[in-house]
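The values are calculated or read from the model by the stated rules, or taken from the named source; none is laboratory data. The structure displayed is predicted, hence computed values, not measured ones. Because the Cβ atoms are built from the backbone with ideal geometry, glycine has one as well, and the counts that use them run over all protein chains shown.
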Amino acid sequence: MSTSQRGTRAPAPEDAKAQLRTSIRKARLHRSERRREELAQLLRDHVLAMPEIGDAQCVSVYASRAHEPGTLPLIEALYARGVRILVPRLGDGLQRGWSPYQGADDLIERAPGRPPEPSGEFLGPEAIDDADVVIVPALAVDSRGTRLGQGGGWYDRALEGLDPRVPIVALTFAAEFRGPDELPLPRESHDIGVHAVITPEGMTDLTA
């Protein structure tokens, strides 16, 4: 193989993912707090319009960090409806788990860089089996349902045994969704796909 041929070889999936994460995180920094709040309200409205959400008694929703697609308006709306909300939480030894949402004042950043977490009862990884819908964060999503996460593999491991009938819905910003005519995201065997993606512009069913 010539040097020129080697130079055109596509990067390994993990390297391509790392490059994408850097680029997307940098782009997210340019949104003002006011704009992020506006977009969070649009995301809330689109999620609440889902028939599955209307029937749900328990929903898992991530607690967003500053530059992620915002979830607090959605969480508060679900909480006001009496829906049980499971928020991701790390236990001892970084054990994957969940805790019930008990109000915005109870969400605390317990370590630098970690998402806010509730202070209530720590529930083990099996608690996700109670969820009727799972809302997950994403840096990007493509039309095949491939989700680009933060790189730790937390959700891929947490959702491994989830009932396939439970909708997994990713939230992203509009520019972070790659349609069928765009280059798909790199995907590895351990990646758990999503059934739908919601951006501030609306919802796209990825199972059709």
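Some observations on this one:
- All conditions but one from (1) part of a loop (DSSP other than H, G, I, E, B); (2) free of Cβ contacts under 8 Å to residues at least 40 places away in the same chain; (3) within 22 Å of Leu72 (Cα to Cα); (4) not hydrophobic (A, V, I, L, M, F, W, C) apply to Ser99; the one that does not is (1).
- Looking across Asp92, Asp45, one residue alone is more than 19 Å from Gly202 (Cα to Cα) and either crowded, with 17+ Cβ neighbours inside 10 Å or out of contact with any Cys (no Cβ under 6 Å at 6 or more places or on another chain) (or both). It is Asp92.
- Test: residue in segment 149-166 that is modelled with pLDDT of 95 or more and in contact with a helix residue (DSSP H, G or I) (Cβ under 6 Å, 6 or more places away or on another chain): no
- Single unsatisfied condition, Ser60 versus (1) touching a strand residue (DSSP E or B) at 6+ places or on another chain (Cβ under 9 Å); (2) in a loop (DSSP other than H, G, I, E, B): (2)
- Conditions (1) in contact (Cβ under 8 Å) with a residue 40 or more places away in the chain; (2) more than 14 Å from the chain's Cα centre (by Cα): number failed by Tyr62: (2)
- Every residue from segment 159-197 that is in a strand (DSSP E or B) and among the aromatic types (Phe, Trp, Tyr): Phe177
- The residue that is modelled with the lowest pLDDT, counting only those in segment 53-88 that are closer than 14 Å to Pro137 by Cα and charged (D, E, K, R), is Arg65.
- Residue check, Glu117 among the charged types (D, E, K, R) and either touching a helix residue (DSSP H, G or I) at 6+ places or on another chain (Cβ under 8 Å) or loosely packed, with under 13 Cβ neighbours inside 10 Å (or both): no
- Subset of segment 121-148 [assigned to a loop (DSSP other than H, G, I, E, B) and closer than 12 Å to His190 by Cα]: Thr146
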